[in-house]
Structures are given as structure tokens and as C-alpha cells.
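Structure, as C-alpha cells:
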């Protein structure tokens, strides 16, 4: 009998309910890792009932002419069935933009890069959407003043950390991360703005419990590509909406539009790179 068993939907059942072919689902999974099944001990795929709405959303966006990888990301970030707690800015940027090469940086250098980006945003960006990931509430405490200043000129600003009692009225908006959330191991500074789109994402390398805090190593990627910055912003806004944070839904809706394709002003990029070099040099002395 067709239907949702205790183990989930078969690929055939998912295809039938979502209005696509099994071959299409297999191709999407091979090329984009979507939809993501779980495997039974027998090796057979099983899917959630919620995946039906996700696949339908992707199919509708594709029918409207949206590129497949963009359609998938939009469906996930727009939270058609909610954004999973394991959503990752670093992973999504690597998946959608494989040309971004990770580099290893100590935390001292990463702080310098982040501060350089933040200061350049103050000087260049007009009403940006801003997102910052700090892992723990303790780490955010040292940057709270900086981000309060950044949020004053932003169209929307959100910070992510292990907040135990987030202030629902705070600016920037405080987004609590569950203990199992992948973002608890990530560091991010994301700015979605016409003048200077930029996304920095870093993943803390495991096994550093005995390493001094400022010596911890991260794998880091960053870019000024407008599509990449918009993708990172959508992932962040989707996580914030999934956490029930005020204003997140409106920001996510605003980010649904395609960004301008001309990219950041070369003068702004040059200024940012110069600032990064100076900050990293100072931070690592």
C-alpha cells in the first residue's frame, strides 16, 4: 500500500506526491544533494513527509525559470517547511560556490579580518542586511558594542550565538542557537548591500579543546560575489526565522529577489583588502 510508513516515504511515493519523476529526484540528489534521504539498514532511501512540500516548491520555481541550484536554496532558505537547525553558512557557500578555496587562520587573524569587514561596511554600505555568527554568547559579549553601532545603519541586523535568554527587543536581533546546531561551530560576517556585498564564513576545526582560545584554527572562505553574499544572507535569515526571531520573515522575503549582478565597486573592494591586510598584520603581531 502506498503511503507514509513508519520509516518514511519511498522515492516513488515522494515523486508521485510532489509531481516529479523518480529520475528527476535521483538527478537532483546526485548533483545537488537534494532532497536528502535517510537510509534504512537495507540501504533503501526514505524521505520525510515534509520533503513533499520542499520538492514541490523547487519544481514550481524551476517551472518559473529559476536555475535549479538557486531554486533549491530558495526553497530551503525561505523555510517552506522550516529551516533545519543544522543549516550552515559555510557548507552552503562551499556547495553553491566550489571555487571558494578555504584557508586556515588562527582566531587572532580571523578577528582582524572580521573587524576590517565590519569597519568597511560602516564606511561603504548603505542600509545593508547584516548577519554575524559568534558561536557562544561569551564571544559575542566582546563585540556587542560594535554590532550595536553596525545595526544602527542597517536595514536589518542579526547575531547568532548560544544565547540562553535572548532579548527580543535587542538590536541587532539575537538568534539563539541550539546545542546541536552546526552554526555553533561557525563564525560568519555577512553583508548584503549593493555597494559592498561580502560574506565571510569559517568553520572551527575539531579537536582543539586544549588549544588556547586565540590560537584556535578555523577554515575560512570569503567573497564579494553578490550572489554568494545573497545566498549566505538567505541562510542566516532562514535560521533566524526558524528560531522565531522578530523581523526575520520580512528580511527573508526582501532577500528573495535576485541581487544586482555587477558586483561590488572595485574601489570598495580594494579598500576592503587594504584594511584586511592592515588589521591582520596588527592582530597577529
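The values are calculated or read from the model by the stated rules, or taken from the named source; none is laboratory data. Predicted model only: the values in this text are computed from it and were never measured. Positions of Cβ are generated from backbone atoms using ideal geometry, with glycine treated the same way; all protein chains shown enter the neighbour counts.
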- Message: For the range 206-223, give me each residue that is modelled with pLDDT of 90 or more and closer than 29 Å to residue 269 by Cβ.
- Response: 216, 217, 218, 219, 220, 221, 222, 223
- Item | Residues of the range 19-47 that turn out to be surrounded by 15 or more Cβ atoms within 10 Å (Cβ to Cβ) and either farther than 29 Å from residue 228 by Cα or under 23 Å from the mean Cα position of the chain (by Cα) (or both), as a count | 8
- Scanning the range 125-162 for residues that are in contact with a helix residue (DSSP H, G or I) (Cβ under 6 Å, 6 or more places away or on another chain) and over 21 Å from residue 110 (Cβ atoms) gives 129, 156
- Message: Any residue at all in the range 207-219 that's surrounded by 17 or more Cβ atoms within 10 Å (Cβ to Cβ), in the same structural domain as residue 94 (by TED's automatic domain parsing) and under 13 Å from the mean Cα position of the chain (by Cα)?
- Response: no
- For the range 132-201, please list each of the strands (runs of 3 or more DSSP E) lying entirely inside it that holds at least 3 residues being buried (at least 24 other Cβ atoms within 10 Å of the Cβ) and in contact (Cβ under 8 Å) with a residue 24 or more places away in the chain. 156-161, 186-192
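When the residues of the range 247-275 are filtered to those that are assigned to a helix (DSSP H, G or I) and touching a helix residue (DSSP H, G or I) at 6+ places or on another chain (Cβ under 8 Å), which remaining residue is modelled with the lowest pLDDT? Steps first, answer last, please.
From the range 247-275, those assigned to a helix (DSSP H, G or I) are 248-254, 266-275; that's our starting set.
After this cut, where a residue has to be touching a helix residue (DSSP H, G or I) at 6+ places or on another chain (Cβ under 8 Å) as well, the list is 248-249, 251-252, 268, 271-272, 275.
Values: 248: 89, 249: 84, 251: 90, 252: 85, 268: 71, 271: 79, 272: 79, 275: 78.
Only one residue fits best here, namely 268.
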